[in-house]
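Report on the structure given below.
The values are calculated or read from the model by the stated rules, or taken from the named source; none is laboratory data. Predicted, not measured: the structure shown is a model, and the values here were computed from it. Note: ideal-geometry Cβ built from the backbone for every residue, glycine included; neighbour counts use all protein chains shown. Note: areas computed on protein heavy atoms with side chains; ligands, DNA, RNA excluded. Shrake-Rupley method; radii C 1.70, N 1.55, O 1.52, S 1.80 Å.
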Amino acid sequence: SPLINEPAPEFDLPTLHQPKSNIELDDLKGSVSLINVWASWCAACRIEHPILNDAVEKYSLNLYGLNYKDNRSDALVWLNALGNPYVESAFDEKGVIGINYGVYGVPETFVLDKKGIIRYKHVGPIDKKKFNDTIMPLVKKLEKEE
């Protein structure tokens, strides 16, 4: 991805759960964070979701969602049924922020360092091996950086 080692694109979107509250990139800075692009209509997201739930529980990750081109009520029902691993999900109803991040399919996951620099991008559903062998070692490395 051309965004690797570049500042993550700015965003300021309503949250999925509270449409009158917004979340922006600055809310993620200061900690290593993951942004997972997902949608209730996405079959691959359903496959990946239990892995995200387990990872957040096991590692206390700062996992944020970017709910992409979705219907708010469908997304809320989906999270209620499958569990909500996200600190918060931004609601990108029209997909504008997804375009800025170069998203061309869901799910996609980005790892951001403490300064908001994209350090890794994974396209497609994350499996346990990819999470344990690639993503977590990077997260641990980035957490040690100033």
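At a glance:
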{"quantity": "Heavy-atom accessible area ranking, 1.4 Å probe, most first, across 89, 40, 31, 73", "calculated": "73, 31, 40, 89"}
{"quantity": "Whole-number percent relative contact order across the chain, with pairs defined as alpha carbons under 8 Å at least 6 apart", "calculated": "33 percent"}
{"quantity": "Residue of 71, 36, 80 that the Gaussian network model of the chain assigns the largest fluctuation, springs spanning Cα pairs under 10 Å", "calculated": "80"}
{"quantity": "Subset of 69/144; 94/141; 20/128; 20/141; 29/128 violating a 32 Å alpha-carbon distance limit", "calculated": "69/144; 94/141; 20/128; 20/141"}
{"quantity": "Highest-fluctuation residue, 88, 24, 57 considered, GNM on the chain with Cα pairs under 10 Å", "calculated": "57"}
{"quantity": "Net charge, residue 32 excluded, C-beta distance under 11 Å - Lys, Arg +1, Asp, Glu -1", "calculated": "+4"}
{"quantity": "Sulfur and carbon atoms: percent of accessible area, the stretch 6-146 [1.4 Å]", "calculated": "51 percent"}
{"quantity": "Rg to Rh quotient for the stretch 1-96, alpha carbon positions, Kirkwood Rh", "calculated": "0.94"}
{"quantity": "Whether the stretch 48-127 is rounded, prolate or oblate, judged on the alpha carbon gyration tensor where a/c under 1.5 counts as rounded", "calculated": "oblate"}
{"quantity": "Relative contact order of the stretch 76-146, defined on C-alpha pairs under 8 angstrom at six or more residues apart (%)", "calculated": "22 percent"}
{"quantity": "Contact order relative to length of the stretch 1-77, as percent, for alpha carbon pairs under 8 angstrom and 6 or more apart", "calculated": "30 percent"}
{"quantity": "Shape category assigned to the stretch 91-133 from the gyration tensor of Cα positions, a/c cut at 1.5", "calculated": "oblate"}
{"quantity": "Candidates 127, 113, 92: whichever shows maximal mean-square fluctuation once the chain is modelled as a Gaussian network with Cα springs under 10 Å", "calculated": "127"}
{"quantity": "Total charge dipole magnitude, the stretch 1-144, about the Cα centre, Cβ charges on Lys, Arg, Asp, Glu only, Debye to nearest 20", "calculated": "420 debye"}
